[in-house]
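Chemist: Following this message is one structure expressed as structure tokens.
The values are calculated or read from the model by the stated rules, or taken from the named source; none is laboratory data. Owing to the predicted nature of the structure, the values given are computational and were not obtained by experimental measurement. Cβ sites come from the backbone with ideal geometry, for glycine too, and all protein chains shown count toward neighbours.
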Amino acid sequence: MPWRISPQDRALGVRPDPYRVWLSEVMLQQTTVAAVRDYFHRFTARWPTVRDLAATDDADVMAEWAGLGYYARARNLLKCARAVSTLHDGRFPTTRDGLLALPGIGSYTAAAIAAIAFDQPATVVDGNVERVMSRLFRVEKPLPAAKPALSALAASLTPPLRPGDHAQAVMDLGATICTPRKPACSLCPWSDPCAARAEGVQDTLPRKTPKPEKPTRHGTLWLGHRDGDWLVETRPEKGLLGGMLGFPGDGWDGAGGPAPADAAWQPIGEVRHTFTHFHLVLTLHSAPLHSAPFRGHWARPKPTDLPTVMRKALMLASAALSPR
């Protein structure tokens, strides 16, 4: 992982860069390592320090983040970078409590940075760690109610020596060996003391309270076009896809409105997308615009400039309007 320091480098005195640790942890929230790797490389190549990131335009960061999802993370990324740059002279606080005072840093991220970057004895608990603890101690209470107990058990194992290496080791154990299905118990260094393995119930843990079925929302996007340009708008700072570039829509997200211009709008299809809490079905309407629109501005966005649902809409509209 490009944000990790190898044991060999650590032995030579190389320390983790708090900026890279923080950036990776924010990107990895509710996202996989495979999805994050290329984004991390691009971000660190374009903005190698927290001061570089703090000084950039919001739109540039939002465009670079497009497709990674959970866009509030990108807005908080900028707020935090600017706080570190202006309030802390470009240096991250070294303690969990100091990190918690920064915008967008919660309990997990603060503990991860404190442990990994500064070797503070902070307990890092993500989904992988919860799974390891639930099996190691055979915790039958289902998640999310079991979270406090699992965190306390993880804390009981956090050592004062090399807590950052310990935190990463337990997370990696859950990600590669103590996996959700068919854990490789024969390879596990904790197989002997594992209470769930002793009873043969490791595949059933952790238990989870069933999630309610996601509702489905319906809405409309208007894709106005003119001489190769598309009518787009920057979405409100707060709310779904906040601060991102997108096409004008109606009130499916609480932030839309009427059609952006008087035109001969024609339905061209629909796109479907799933967010964390709901499914979305959007009907697309397109029209050439000759009069001034009521909202939005003209642009030629690349697919990578757009969040995934808007990217789907652009691809469908481009295909529908291409000469046969």
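Chemist: Name the residue, out of Leu289, Leu280, that is modelled with pLDDT of 90 or more, touching a Leu at 6+ places or on another chain (Cβ under 9 Å) and of a type in the set (A, V, I, L, M, F, W, C).
Modeler: Among Leu289, Leu280, only Leu289 is modelled with pLDDT of 90 or more, touching a Leu at 6+ places or on another chain (Cβ under 9 Å) and of a type in the set (A, V, I, L, M, F, W, C).
Chemist: Looking at Ala264, is it without any contact (Cβ under 8 Å) to a residue 40 or more places away in the chain, surrounded by 14 or more Cβ atoms within 10 Å (Cβ to Cβ) and not basic (Lys, Arg)?
Modeler: On the way: without any contact (Cβ under 8 Å) to a residue 40 or more places away in the chain: yes; surrounded by 14 or more Cβ atoms within 10 Å (Cβ to Cβ): no; not basic (Lys, Arg): yes.
No.
Chemist: How many residues are surrounded by fewer than 19 Cβ atoms within 10 Å (Cβ to Cβ) and part of a loop (DSSP other than H, G, I, E, B) if we restrict to the range 291-316?
Modeler: Of the residues in that region, 7 qualify.
Chemist: Further question on the same structure: Give the range 199-212 a look and list any residue that's out of contact with any strand residue (DSSP E or B) (no Cβ under 6 Å at 6 or more places or on another chain) and part of a strand (DSSP E or B), or say none. Walk me through it before giving the result.
Modeler: Step one: list which residues in the range 199-212 are out of contact with any strand residue (DSSP E or B) (no Cβ under 6 Å at 6 or more places or on another chain), which gives 199-205, 207, 209-212.
Within the range 199-212, none qualify.
Chemist: Turning to a different aspect of this structure: Determine whether Asp38 is in a helix (DSSP H, G or I), loosely packed, with under 15 Cβ neighbours inside 10 Å and in the same structural domain as Ala110 (by TED's automatic domain parsing). Spell out the reasoning first.
Modeler: Numbers: in a helix (DSSP H, G or I): yes; loosely packed, with under 15 Cβ neighbours inside 10 Å: yes; in the same structural domain as Ala110 (by TED's automatic domain parsing): yes.
Yes: the conditions hold for Asp38.
Chemist: Restricted to the range 246-255, and to residues that are free of Cβ contacts under 8 Å to residues at least 40 places away in the same chain and not in a helix (DSSP H, G or I), which residue is surrounded by the most Cβ atoms within 10 Å (Cβ to Cβ)? Can you show your working first?
Modeler: Applying the first criterion (free of Cβ contacts under 8 Å to residues at least 40 places away in the same chain) to the range 246-255 yields 249-255.
Next, only the ones that are not in a helix (DSSP H, G or I) stay: 249-250, 254-255.
On the way: Gly249: 23, Asp250: 17, Gly254: 8, Ala255: 16.
Going through the qualifying residues, I end up with Gly249.
Chemist: Does His225 satisfy being over 25 Å from the mean Cα position of the chain (by Cα) and surrounded by 14 or more Cβ atoms within 10 Å (Cβ to Cβ)?
Modeler: In short, yes.
Chemist: Still on this structure, I have one more. Go through the range 279-316 and count every residue that is within 20 Å of Pro267 (Cβ to Cβ), touching an Asp or Glu at 6+ places or on another chain (Cβ under 8 Å) and of a type in the set (Gly, Ala, Ser).
Modeler: Final tally of qualifying residues: 1.
Chemist: Next question. Please specify each residue of the range 143-193 satisfying the condition of being over 21 Å from Gln120 (Cα atoms), touching a residue at least 12 places away in the same chain (Cβ under 8 Å) and buried (at least 16 other Cβ atoms within 10 Å of the Cβ).
Modeler: Leu143, Ala146, Gly174, Ala175, Cys178, Pro183, Cys185, Cys188, Trp190
Chemist: Turning to a different aspect of this structure: Out of curiosity, is Trp22 farther than 22 Å from Gly164 by Cβ and either under 14 Å from the mean Cα position of the chain (by Cα) or of a type in the set (S, T, N, Q) (or both)?
Modeler: No, not satisfied.
Chemist: A follow-up question, please. Considering only the range 218-245, state which residues are in contact (Cβ under 8 Å) with a residue 12 or more places away in the chain, closer than 17 Å to Arg73 by Cβ and of a type in the set (D, E, K, R).
Modeler: Arg235, Glu237
Chemist: What number of residues within the range 166-191 satisfy the criterion of being in a loop (DSSP other than H, G, I, E, B) and either under 24 Å from the mean Cα position of the chain (by Cα) or of a type outside the set (Ser, Thr, Tyr) (or both)?
Modeler: Looking only at that region, the number is 11.
Rundown of residues vs (1) charged (D, E, K, R); (2) not in a loop (DSSP other than H, G, I, E, B), yes/no style:
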site: Ala196; (1), (2): no, yes
site: Lys214; (1), (2): yes, no
site: Gly219; (1), (2): no, yes
site: His225; (1), (2): no, yes
site: Glu237; (1), (2): yes, no
site: Leu240; (1), (2): no, no
site: Gly243; (1), (2): no, no
site: Gly257; (1), (2): no, no
site: Arg272; (1), (2): yes, yes
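Chemist: Can I ask one more? When the range 1-25 is examined, which residues are found to be surrounded by fewer than 20 Cβ atoms within 10 Å (Cβ to Cβ) and part of a helix (DSSP H, G or I)?
Modeler: Result: Pro7, Gln8, Asp9, Arg10, Ala11.
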